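Step one of this worksheet: look at the structure below.
The values are calculated or read from the model by the stated rules, or taken from the named source; none is laboratory data. Predicted model, so just to flag it, every value in this text is computed and none were measured. Here Cβ is always computed from backbone atoms with ideal geometry, including for glycine, and neighbour counts include all displayed protein chains. What goes into the accessible areas is simple: the full protein's heavy atoms, side chains included, and nothing from ligands, DNA or RNA. Shrake-Rupley method; radii C 1.70, N 1.55, O 1.52, S 1.80 Å.
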Amino acid sequence: MPAAEIPVPSREPSCGSPGNRVSLLDPERFYVCQRCTACCKWPGDVRIEADEIGPIAGFLGMNEEDFIARYTRLRTNRNGLSLLEKENHECIMLEAGGCRIHPVKPEQCRGFPNKWNFPGWQRVCEAKPVPMEAAREKGWL
């Protein structure tokens, strides 16, 4: 692709996510998860896409139907599945020591806080900002 056609990333701050237009992200920083689990304790849908069901079920040693019946519910918008929440709003997959399905966690989880976040996430999340170029060099993007 000729250089004139290569999209140039904006250097303007971007919103945290479609549902969070309050928090702005620095376009020069990538936030590296420290596995503090703060995002796992936030109420709301944890979307499970159709192509994520098989890997998660397999990782748990279950068939897909049993995984769906035991660990998911209909999303709030009734448009797909979400992981269940515990009564205290924690994700059903959060256990002592972290995420039970970390190696196969949903894309939504992998994207926090860079692709989505919630107002005030910086006060509870321990993600470390690194320069965007360093994140690219490490293959995190």
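Could you check, for the range 130-141, whether at least one of its residues is of a type in the set (V, I, T) and either touching a Ser or Thr at 6+ places or on another chain (Cβ under 6 Å) or closer than 15 Å to W42 by Cβ (or both)? Scanning the range 130-141, I find no residue that is of a type in the set (V, I, T) and either touching a Ser or Thr at 6+ places or on another chain (Cβ under 6 Å) or closer than 15 Å to W42 by Cβ (or both), so the answer is no. Within the span defined as the range 128-135, one or more residues are free of Cβ contacts under 8 Å to residues at least 40 places away in the same chain and open to solvent by 40 Å² or more (accessible area, probe 1.4 Å).
Looking at A50, A38, A69, which is the one that is among the small types (G, A, S) and in contact (Cβ under 8 Å) with a residue 40 or more places away in the chain?
Of the residues listed, the single one that is among the small types (G, A, S) and in contact (Cβ under 8 Å) with a residue 40 or more places away in the chain is A38.
Taking (1) among the aliphatic types (A, V, I, L, M); (2) farther than 30 Å from D26 by Cα; (3) at pLDDT 95 or above in turn, L94 satisfies each apart from (2). Counting only residues that are part of a loop (DSSP other than H, G, I, E, B) and touching a residue at least 60 places away in the same chain (Cβ under 8 Å), the range 87-125 holds 11 of them.
Filtering the range 129-140 for residues that are of a type in the set (D, E, K, R), under 16 Å from the mean Cα position of the chain (by Cα) and at pLDDT below 95 leaves an empty set. Taking the range 16-52 as the range and being open to solvent by less than 30 Å² (accessible area, probe 1.4 Å), modelled with pLDDT of 90 or more and touching a Cys at 6+ places or on another chain (Cβ under 9 Å) as the test, the residues that pass are T37, A38, V46.
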